[in-house]
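Single-structure report; data block below.
The values are calculated or read from the model by the stated rules, or taken from the named source; none is laboratory data. These figures come from a predicted structure and were not determined experimentally. All Cβ positions, even for glycine, are placed from backbone atoms using ideal geometry, and neighbour counts span all protein chains on display.
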Amino acid sequence: MTLACYACDPARSRGRRHHEEPAPTRTEYQRDRDRIVHSTAFRRLVYKTQVFLNHEGDLFRTRLTHSLEVAQLGRSVARSLQLNEDLVEGIALAHDLGHTPFGHAGQDALNDCMAGWGGFEHNLQSLRVVDELEERYPRYNGLNLTFETREGILKHCSRANAQRIDAAEPGGVARRFLDRSQPGLEAQLCNLADEIAYNAHDIDDGVRSGLITMEQLGDVTLFADFHAQALREYPDLQGRRLLYESIRRMLSAQVYDVIEATREGLRRTVPGSPDEARLAGALVDFSDAMRAKSAALKHFLLHQLYRHPQVMAMTGQARQIVHELFAAYLAEPGQMPAGFAARPDSARAVADYIAGMTDRFAAREHERLTGRRLLV
Ligand code: MG
């Protein structure tokens, strides 16, 4: 597969933080992807909530299946744009490694707990996981990934955090948040693939859970148009097959839209290298029309699904678990494994420990430390 001149080329990577000799058969981005798949944090994604709690049903997405769907969508688009598929896959598989248990409720609660110590942010935590927290190699902490993979993992970052990271790593992965440039096209693509994936699978999980209905989705153009199209072609279609066929068409339309809109952006700006692409604004994007439709769908999901009373009841208990775990470990660090208990930055050590937990481990630890059962 020939790469475009604007695709990231593993032979021209900005390299790793610790020098390593090249591998005999694999490119640098393939090695990154392989290291991510073998990491402890990656395996834990299977027991972390996306929207629905892990134990609420066996068919709902978890962070792991979500990450696999992002990788699939990303690779598919990367291939038609001649971007680097291995890099896209690595970023996609790693993009949620820093997520706490219990989805966004867990992250918000941990951020509250850490208010006096610089806060907690899951994108930054994903970078911490691959840079510091994984313990797999004799000579250094973390996975020692390439610049381009790390750049993609740090999807968002506050200015204060960017300044702090840039002081430790001058001109490194946080620089773009200070000079407002873009990451490589593969990283831009992963952001969009993430959005396309969760918009689609949250409809699927939402309808199957019974919290939203296909009738309600009639108000959402992006879904309703393809639902109507599927019914025109298959008038007898109903139930699950109708849902899947509508979502399948919606997914394809978004993928083709991204490919077309990005090609248009590339024709307009003609970047001759990955660095020129980084300075050319957000090139991997939806068309304006699709951007508006996607925003309307997100708005619907926010109000009808993520803030559904049944989901909110879960998030209330999840917040309580995280708050009480944080207080318990901070008061008595010896309740954590020795490596965390011994750290001088005790609040950050507690946050790192809690962030790494799966949903069920967090609930069990909470019960052990407080004697109260929540969410089980
Ligand atoms: Mg994601």
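Structure values in brief
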{"item": "Any hit, the range 213-233, residues being among the aromatic types (F, W, Y) and within 16 Å of the ligand (Cβ to nearest atom)", "result": "no"}
{"item": "Unique residue being crowded, with 24+ Cβ neighbours inside 10 Å, within 16 Å of the ligand (Cβ to nearest atom) and more than 23 Å from Y353 (Cα to Cα) when the list is A94, A193, A200", "result": "A193"}
{"item": "Looking only at the range 253-295, and only at residues there that are among the small types (G, A, S), assigned to a helix (DSSP H, G or I) and more than 21 Å from the chain's Cα centre (by Cα), the one that is surrounded by the fewest Cβ atoms within 10 Å (Cβ to Cβ)", "result": "A289"}
{"item": "Some residue of the range 239-253 being among the hydrophobic types (A, V, I, L, M, F, W, C), more than 16 Å from the ligand (Cβ to nearest atom) and within 30 Å of E151 (Cα to Cα)", "result": "yes"}
{"item": "Residue pairs meeting the criteria (Cβ under 7 Å; at least 6 apart or on separate chains; first over 19 Å from T221 (Cα atoms), in the range 232-250; second among the hydrophobic types (A, V, I, L, M, F, W, C) and modelled with pLDDT of 95 or more)", "result": "L237/A230; L237/L231"}
{"item": "Residues of the range 346-374 satisfying the condition of being touching a Phe, Trp or Tyr at 6+ places or on another chain (Cβ under 8 Å) and assigned to a loop (DSSP other than H, G, I, E, B)", "result": "T358"}
{"item": "Whichever residue in the range 317-376 is β-branched (V, I, T) and either surrounded by 17 or more Cβ atoms within 10 Å (Cβ to Cβ) or at pLDDT 95 or above (or both) and, among such residues, is nearest to the chain's Cα centre (by Cα)", "result": "T358"}
{"item": "Qualifying residue in the range 46-65 (condition: crowded, with 21+ Cβ neighbours inside 10 Å and either modelled with pLDDT of 95 or more or within 30 Å of L266 (Cα to Cα) (or both))", "result": "no"}
{"item": "Restricting the range 18-31 to residues that are touching a residue at least 24 places away in the same chain (Cβ under 8 Å), under 16 Å from G90 (Cβ atoms) and over 23 Å from the mean Cα position of the chain (by Cα), the residue that is surrounded by the fewest Cβ atoms within 10 Å (Cβ to Cβ)", "result": "E20"}
{"item": "Selection from the range 128-165 of residues that are hydroxyl-bearing (S, T, Y) and either under 21 Å from I354 (Cβ atoms) or surrounded by fewer than 21 Cβ atoms within 10 Å (Cβ to Cβ) (or both)", "result": "Y137, Y140, S158"}
{"item": "Qualifying residue in the range 171-180 (condition: crowded, with 17+ Cβ neighbours inside 10 Å, outside any strand (DSSP E or B), β-branched (V, I, T) and within 16 Å of the ligand (Cβ to nearest atom))", "result": "no"}
{"item": "Hits in the range 188-231 (condition: within 21 Å of K298 (Cα to Cα) and among the small types (G, A, S))", "result": "A193, A197, A200, G206, S209, G210, G218, A224, A228"}
{"item": "Residue pairs meeting the criteria (Cβ under 8 Å; at least 6 apart or on separate chains; first of a type in the set (K, R), in the range 157-181; second modelled with pLDDT of 95 or more and part of a helix (DSSP H, G or I))", "result": "R159/F177; R159/L178; R175/A162; R175/D166; R176/E151; R176/R278"}
{"item": "Residues within the range 103-125 that are out of contact with any His (no Cβ under 7 Å at 6 or more places or on another chain) and within 15 Å of the ligand (Cβ to nearest atom), tallied", "result": "6"}
{"item": "Given (1) farther than 23 Å from F300 by Cα; (2) at pLDDT 95 or above, index of the condition R180 fails", "result": "(2)"}
{"item": "Any pair with Cβ under 6 angstrom, 6 or more apart, that starts in the range 58-82 at a residue that is in a loop (DSSP other than H, G, I, E, B) and ends at one that is within 11 Å of the ligand (Cβ to nearest atom)", "result": "R61/Q50; R61/H201"}
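Rundown of residues vs (1) β-branched (V, I, T); (2) modelled with pLDDT under 95, yes/no style:
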position: I196; (1), (2): yes, no
position: N199; (1), (2): no, yes
position: D202; (1), (2): no, yes
position: M214; (1), (2): no, yes
position: V220; (1), (2): yes, no
position: P235; (1), (2): no, no
